[in-house]
Amino acid sequence: MIKEILLPDLGEGIDTAEVSEVLVFPGKTIKTDDIILVLESEKASMEIPAEAGGKVKKVLVAPGATVETGQPLITLETTAKKAPKQKVKEKKGKPVAETKARREPEKPREAKRETNRAFASPGVRRLSRELKIDLQSIKGTGPKERVTKEDLHSFIRNKMEGASEGPRRPGTEIDFSQWGKIETQKLTKIKGITARRMQQSWQTIPHVTQFDEADITDLHAYRQKLNKGARAKRQKVTFLPFFMKAAADLLKEMPAFNSSLDHREENLIFKHYFHIGFAVDTPAGLMVPVVRDVDQKNIFEISAELQDLSQRARDKKLKPSELKGGTFTISSLGGIGGTFFTPIINPPQVAILGLSESWWKKVYDHKNKTTRPRYILPFSLSYDHRVIDGVAAARFTDKYAETLARTDNYK
Ligand code: CAO
């Protein structure tokens, strides 16, 4: 027997609503109370259950259509026997009244988030459908976590800007206290920002890390001598200014490492300035202030800026402009320890150097056929493989090691 499923009374004075999802199709077999449609009114999302089971013959409405109480939604071939004659007669009455007379249909239910559907107005649903955006992935800020037009717009804007700060769906909450004593500490603002930036970088940039070693025995001696000098007595120079200066000189020679992809990822932008950011470990989290025009400054100037910027980073006294405009970053764990690590690129830059702690190593000298102790700096270069090839990266680290082995370039 063919049966029409009509739109029941939606209650709350709602006579019309927009179809946001049709969950059945011709040929689909459904059971009584299976959800066939999701409707959206200005007040709520509603799931419309089937008042009978059977095989769907026709779907009479489509997403985006406005439907009104009593309107046929689908036709079903039911397995039920033909209704007795007197009941058929009742069909002459009003459709909804008739439906109610035979079987009180399931009331439309407010769509719940657990059903994998988000609350949103018809307009928002329409736009999300057109852009193939899963509304579930947007955290609604409206009443009952309804996804508002602004939520959708900001989600799209964040996606377009490649920002990682798009609304995130929280994971499953775990009660760790069930296994022992715990303490909860809120992430500092800086740690939160770093976490998002690092995640975005790691997920969107194909990272490759090249490892290498530089023989800095001569540089080590040079720095010791320099620090005994009158000027350095007032201002001790660490290794980092040398490492920064050598990097700036090499970036001039290998400009791809000082470039950025444009926002369309169609062009490379080469920068003719060499502003090097360096990671500073602060109690509030990691900060990366930038020393500008490193190529034009001498070791003492770089050293003074580095000390000033890192002190102010720790005191939270940096200006926002001092954290911007870097073209390359150095992360130095040399004063702390470890041998090699894989630093994460600081977008929109395309490469980053990770410097580890130097150590004395016996190195075989081919020329003199002897083994000599050498002071070796282990370092890593992570690069964006969309922009830089492995060969270029290996050349970069090779040349970097070569530059650091010399001391005639710091005059
Ligand atoms: N090999 C050997 N010695 C090294 C070295 C290296 N690669 N790097 C630094 N050193 C030495 C310094 O020369 C200094 O020695 P002296 O006392 O004899 O002068 C000593 O280690 C301590 O240096 P430092 O760390 O105080 O100073 P710096 O200029 O080398 O570094 C700064 C400054 C701000 C980078 C550093 O203090 C810092 O915060 N490092 C952590 C960076 C970080 O968090 N990176 C990780 C990012 S990813 O999570």
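Only the coordinates and a few stated rules stand behind these numbers; no lab work does. Everything quoted here is computed from the prediction, not taken from an experiment. Because the Cβ atoms are built from the backbone with ideal geometry, glycine has one as well, and the counts that use them run over all protein chains shown.
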Given H placed 1.01 Å from N in the peptide plane, which residues other than close sequence neighbours of residue 73 have an amide H under 5 Å from its amide H? 5, 6, 7
Roughly how big is the chain's charge dipole about its Cα centre, with Cβ charges of +1 (Lys, Arg) and -1 (Asp, Glu), in debye to the nearest 20? 480
Working from Cα positions, state the angle (0 to 90°, nearest 10) between the long axis of helix 217-228 and the longest principal axis of the chain. 70
In nanometres, what is the gap between the two model label sites at residue 372 and residue 311, each 7 Å from Cα along Cα-to-Cβ? 3.9
Please report, in debye to the nearest 20, how large the charge dipole of segment 191-410 is about its Cα centre when each Lys and Arg carries +1 at its beta carbon and each Asp and Glu carries -1 there. 900
Computed FRET efficiency, Cβ-Cβ of residue 157 and residue 184, R0 35 Å: what is it to the nearest 0.05? 0.65
Rounded to whole Hz, the Karplus (6.51, -1.76, 1.60) HN-Hα couplings of segment 396-406, x for glycine and proline: 4, 5, 4, 5, 4, 4, 4, 4, 6, 6, 9
Highest mean first, what order results for 315-321, 299-305 on Cβ atoms within 10 Å? 299-305, 315-321
Antiparallel DSSP beta bridges within the chain, as percent of all bridges there, nearest 5: 85
Hz values of 3J(HN,Hα) by residue in segment 51-59 - Karplus curve (6.51, -1.76, 1.60), Gly and Pro given as x: 7, 8, x, x, 9, 5, 8, 9, 10
Interchain or sequence-distant (5+) residues whose placed amide H lies within less than 5 Å of the amide H of residue 291 are 276, 277, 278
Against the longest alpha carbon principal axis of the chain, how many degrees, from 0 to 90 and to the nearest 10, is the axis of helix 149-160 turned? 40
Give me a comma-separated list of calculated 3J(HN,Hα) values for segment 366-374, in order, Karplus coefficients 6.51, -1.76, 1.60 applied at θ = phi - 60°, integers in Hz, x for any Gly or Pro. 4, 4, 8, 6, 9, 9, 10, x, 10
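Suppose every K and R has +1 on its Cβ and every D and E has -1 on its Cβ; what is the size of the dipole of segment 120-164 about the Cα centre, in Debye to the nearest 20?
With only Lys, Arg, Asp and Glu charged at Cβ, the dipole is about 160 debye.
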Using only the alpha-carbon atoms, what does the chain span along each of its principal axes? Please give whole angstrom values in decreasing order. 112, 48, 43
